[in-house]
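The values are calculated or read from the model by the stated rules, or taken from the named source; none is laboratory data. Computed from a predicted model, the values in this text were never measured in an experiment. Heads up, the Cβs are rebuilt from the backbone with ideal geometry, glycines too, and the neighbour counts pull from every protein chain shown. Ligands, DNA and RNA are stripped out before the accessible areas are found, and what is left, the full protein with its side chains, is counted by its heavy atoms. Shrake-Rupley method; radii C 1.70, N 1.55, O 1.52, S 1.80 Å.
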Amino acid sequence: MNNPTGNFSNDTSELVAVDWGTSSFRLSLLDGDGRLLEQRVSGRGVGQMRREELLPFLLGEIAKLPGCARTLPVIICGMAGSNIGLQNVPYQPCPVDPQQLAASLAPLEEADLNACIVPGLSTRTASGELEVMRGEETQIVGWLAQASEEERRSSWLCLPGTHAKWVNIEKGEVRQFHTAITGELYALLSNHSVLVQGDQKFSREAFDSGVAASDENPDLAFNLFSARTRVLDQRLPPSEGAAYLSGLLIGSEIRALNLASAVPGADSAVHLIGDLHITELYQRALAHRGIGSRQYEGADLALNGLRQLYRQSRKHD
């Protein structure tokens with residue numbers, strides 16, 4: 001358990017916010033001003049437990065909170081609301097704004113607990129393919145809460161990760177989003193292919209070379225093998241193959257999206273939300289194409305988003 005603010009009085013606490021993904025669990029105790037009082041983090045993600053274990057685990061973590069904090073309202077986001085989670089909560093279709101999302105919070109059934117689950121979001125591509133997200137919507141709500149009027153009017157968000165989400169914001173709504181499985185591809189190729197071999201060290205120069213190489217051939221399937229051949233002809237040290245591959249994949253992702261035409265008139269900077277070491281890589285790749293960006297810590301926006309949704313939901317009661 002982490003206690004970032006030291007000692008506190010239990011009567012200042014307002015909300016228990018839970019971000020429960022496939023591979024991680026984060027429970028945060030917030031006060032009435034949204035400050036983090038305590039936080040419990042573990043690797044007990046939804047994907048690491050049997051479904052019947054989830055509710056007892058959650059109740060056990062809440063029982064470890066001090067005093068009256070154990071009886072506070074609980075708001076939960078992430079894969080806990082999926083068909084492998086606590087309770088399957090239907091996706092909310094886009095376009096959707098924070099008020100509509102708050103109005104659709106689903107009460108947690110079969111538990112003596114004042115808890116609700118945030119629905120994920122869904123949309124369709126121009127060709128009719130389904131797109132979905134769970135968990136990232138709370139970060140988006142947190143971003144909208146601190147964004148300027150101009151940014152809320154029209155912006156382009158990127159939430160990098162295992163499955164990167166590119167989100168079109170218009171008039172304060174999530175209008176549409178697209179998913180790139182760049183992080184998953186990187187993990188698979190760097191660990192289970194001939195493209196990366198031996199011990200690795202990160203190199204910004206190798207990453208930048210990979211981004212630049214993504215311009216040379218628009219077909220990623222044919223471009224990927226350069227991660228192997230550049231080592232063979234000694235243009236790339238073997239220990240920097242993973243960094244080059246990362247740049248090649250992220251650069252290809254950004255190239256394929258074609259930001260200039262995807263969101264005409266959008267705010268000039270892409271808003272990067274996530275772990276800062278990942279968003280820095282996207283910032284470098286965007287800069288290669290002359291696109292500005294701003295970074296935001298995803299965990300902070302997720303907490304703000306959960307609190308915003310909880311407070312909005314009370315207005316609907």
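Length gained on full extension, Leu232 to Ser148, computed as 0.36 nm times the residue gap minus the Cα-Cα distance: 25.3 nm. Say we join alpha carbon atoms closer than 10 Å with springs in a Gaussian network model of the chain; which of Ser209, Ser148, Ser190 then has the biggest fluctuation? So, out of Ser209, Ser148, Ser190, the one fluctuating most is Ser148. When you filter the trypsin sites (Lys or Arg not before Pro) in region 6-65 for DSSP loop state and at most 10 other Cβ atoms inside 10 Å of their Cβ, you are left with Arg50. Here the Gaussian network model covers the chain, with springs between Cα atoms less than 10 Å apart; of Ala102, Ala111, Ala227, Ala111 fluctuates the most. Taking Cα centre as origin and charging only the Cβ of basic (Lys, Arg, +1) and acidic (Asp, Glu, -1) residues, the dipole magnitude of the chain rounds to 140 debye. Residues whose amide H lies under 5 Å from that of Leu236, counting only those 5 or more places away or on a different chain, are Val231; hydrogens are built 1.01 Å from N in the peptide plane.
The residues Lys165, Lys315, sorted by heavy-atom accessible surface at 1.4 Å with ligands and nucleic acids left out, run Lys315, Lys165 from largest to smallest. Counting only protein heavy atoms and a 1.4 Å probe, tell me what percentage of region 203-317's accessible area is made up of carbon and sulfur. It is 49 percent, rounded to a whole number. Within the straight-line cut-off of under 12 Å between alpha carbons, the aspartates and glutamates reachable from Lys165 are Glu131, Glu136, Glu137, Glu253, sequence neighbours fewer than 8 places apart in one chain being disregarded. For Asp215, the amide hydrogen comes within under 5 Å of no other amide hydrogen, counting only partners 5 or more places away or on other chains and with H modelled in the peptide plane. Go ahead and collect, in residue order, the members of region 67-86 whose backbone nitrogen is under 15 Å from a label point 7 Å along the Cα-Cβ direction of Glu109. It comes to 81-86, nothing else. Accessible area per residue for the chain is 47 Å², calculated with a 1.4 Å probe on protein heavy atoms, without ligands, DNA or RNA.
The calculated FRET efficiency for Ser268 paired with Arg175, based on their beta-carbon distance and R0 = 30 Å, is about 0.95. Setting aside same-chain residues fewer than 8 positions from Lys171, which lysines have a Cα under 26 Å from its Cα? Within the straight-line limit of under 26 Å, Lys171 reaches these lysines: Lys315. Rolling a 1.4 Å probe over the protein chains gives His288 an accessible area of about 90 Å².
Keeping the other protein chains in place, figure out the carbon and sulfur percent of the accessible area of region 13-136, with a 1.4 Å probe. Answer for region 13-136: carbon and sulfur cover 49 percent of the accessible area.
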